[in-house]
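Participant: Structure incoming, see below.
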Amino acid sequence: MITICVASGKGGAGKTSIAAALAAMARPTCVFADCDVDAANGAIALGAATTAREPYFAGPGFMINSEICTGCGLCEASCRFAAIRSEGDPPRFMIVSELCERCGACYERCPIKAVVTYEKTAGELFVSTTRLGIAIVHAELVPGEDTSGKLVRKVRERAQAIAGEHATIIVDAPPGIGCPVIASISGCDLIIVVVEASASGIRDAERLAKLIVSMGRRTIAIINKAGLNPDMDARARDMLKAMGIPLAGEMPFHPSLRSAEESGETWMTVDSVARHSVASALRAIQGLIDSIGDGSRVAAIEEEKP
Amino acid sequence: MKYALPTDDGKTVSKVFGRAKNFAIYDTEDSSYAILENEGADSEHGAGTGAAAFLATMGVGSVVVPEVGPKAAETLEQAGIGIESLGTGISLDDAIAGIRAR
């Protein structure tokens, strides 16, 4: 089993598009793990139909048992988020779940244990099949929930359980460099950094690169949306060189790539001038995967069309 | 000195640090060996820093692990715990034999 993570720092840099192209190349022995759990769109890119779903419990929720509450108000005084409201006289206290940060201060403070815990659903985990014939594991958080590091771990564990011994797991990471990204990168055999050839794209990719280097992960980069501004392309290459990250290739900013997605295809099937760039970058990535040498193969890359 | 090695299955060194299910603790003083559950493995967030703090309270002097996240590394450093890296997929027995052979 080999795990490849696609990350970028900046959102909208092309992570999911490149991850989907890799998945198309790696089928049928591939499982797609969409770890962008705050805004998952791998299922859209791959045309998924959900086959299994299960609730995701982040941690305990809190509520007040009105049968035993004496109305002392210590819970309200202990809440830093003004999530506890009272009604009536004598007051009856209740926790507004949308405002509750689940810190547990009221639970600790209540002298008669009238604050009780319950299993709060924070999201849902899905296993779906895609039109590429591969499985995708994805998830959705309930708005306002912030437990994405743990949910990323659950998505990856489920993908590992589905994947066979010689399968490739493609991890589509969220943007940023925080908890859910670290949970996406950790333990991966290869990280593909997607650098959008723009000022913010380069800066965010550089911050991500520093994180990856600090974790000692094997890394290769793709510059996306190249050719719009030669100066930006050069800056992206210079940044990667300074960070010591090899470049697999550059994807042009080409209308055919956009229309491929609009018609539900991956970049692997693009039949245009852009195909050469896509195939050449994916071939470089394949070479690196081969050098990891655990016997897994992403796939044979089709011969280029003349 | 006490060494901590993350492990999910109790047989091989885990690829990850903070969300490993257990820590194997090997003490070179008396050659004792124990597997302790990492209660923070399922944390919503802060798994790495939590694991580092836990190992600090256990008096661990060094962790032996394929990778450590940036915040966990900072916490380990502040606690005076060394970080030694090793490759992935290595058995606990081999890793501990490596420590013992020093």
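Throughout, read-outs are computed from the coordinates displayed, never taken from laboratory work. Just so it is clear, the model here is predicted, and its values are computed rather than measured. Methodologically, a virtual Cβ is constructed for each residue, glycine included, from the backbone with ideal geometry; neighbour enumeration extends over all protein chains shown.
Participant: Output the antiparallel fraction of DSSP beta bridges having both residues in the protein assembly as shown, as a percent to the nearest 5. Each step should come with its number before you reach the end.
Facilitator: Working: 38 of 71 bridges.
Percentage antiparallel, nearest 5: 55.
Participant: Normalised by the residues of chain B, what does the relative contact order come to in percent, with Cα pairs under 8 Å and at least six apart?
Facilitator: Worked out over chain B, it gives 31 percent.
Participant: For a quick check: with amide H placed at 1.01 Å from N, whose amide H comes under 5 Å from residue A:92's, ignoring anything fewer than 5 positions away on the same chain?
Facilitator: When sequence neighbours closer than 5 places are left aside, the close amide H contacts are A:87.
Participant: Quick check on packing: order B:11-22, A:41-52, B:84-95 by the mean number of other C-beta atoms within 10 Å, highest mean leading.
Facilitator: For the peptides B:11-22, A:41-52, B:84-95, the packing ranking is B:11-22, A:41-52, B:84-95.
Participant: Can you give me the Cα centroid spacing of the stretch B:27-73 and the stretch A:77-117 in angstrom?
Facilitator: Spelled out, the Cα-based centre of one part sits 34 Å from the other.
Participant: Follow-up question, since we're still on this one. When the helix-only estimate is applied to chain A (DSSP H runs of n ≥ 4, each -39,500 (n - 2.57), divided by the residue count), what is the mean residue ellipticity at 222 nm, nearest 500 deg cm²/dmol?
Facilitator: Computed mean residue ellipticity for chain A: -10500 deg cm²/dmol.
Participant: Please determine, in degrees from 0 to 90 and to the nearest 10, the orientation of helix B:47-57 with respect to the longest principal axis defined by the Cα atoms of chain B, where the helix direction is its Cα long axis.
Facilitator: With both axes taken from Cα atoms, the answer is about 50 degrees.
Participant: OK, next. Could you give the DSSP H helices of chain A that reach 27 angstrom or more along their long axis (alpha carbon positions) and whose average Kyte-Doolittle hydropathy is no lower than -1.0?
Facilitator: Length and hydropathy pass: A:274-292.
Participant: Rank-order B:24-37, A:100-113 by packing density, defined as the average count of other C-beta atoms within 10 Å over each peptide's residues, highest first.
Facilitator: Working: B:24-37: 12.9, A:100-113: 15.4.
Put in order of decreasing packing, that is A:100-113, B:24-37.
Participant: Taking amide hydrogens as modeled 1.01 Å from N in the peptide plane, which residues meet the under 5 Å criterion relative to residue B:12, leaving out close sequence neighbours?
Facilitator: B:92
Participant: Once you average over the residues of A:180-188, how many Cβ atoms of partner chains fall within 10 Å of each Cβ?
Facilitator: Working: counts 1, 1, 10, 7, 0, 3, 13, 9, 3.
Per residue, the average neighbour count from other chains is 5.
Participant: Over the stretch A:152-306, what is the relative contact order in percent, taking alpha-carbon pairs closer than 8 angstrom and at least six residues apart?
Facilitator: 18 percent
Participant: If we count other beta carbons within 10 Å of each Cβ, what is the order of A:212, A:136, fewest first?
Facilitator: Listing A:212, A:136 from fewest to most nearby Cβ atoms yields A:212, A:136.
Participant: Can I ask one more? Relative contact order for the stretch A:77-200: what is it in percent, counting Cα pairs under 8 Å that are at least 6 residues apart?
Facilitator: Numbers: 101 pairs, mean separation 16.4, N = 124.
Relative contact order, the stretch A:77-200: 13 percent.
Participant: Related question: In nm², what is the average projected area of the convex hull enclosing the Cα atoms of the stretch A:66-113?
Facilitator: Approximately 3.1 nm², given one-decimal rounding.
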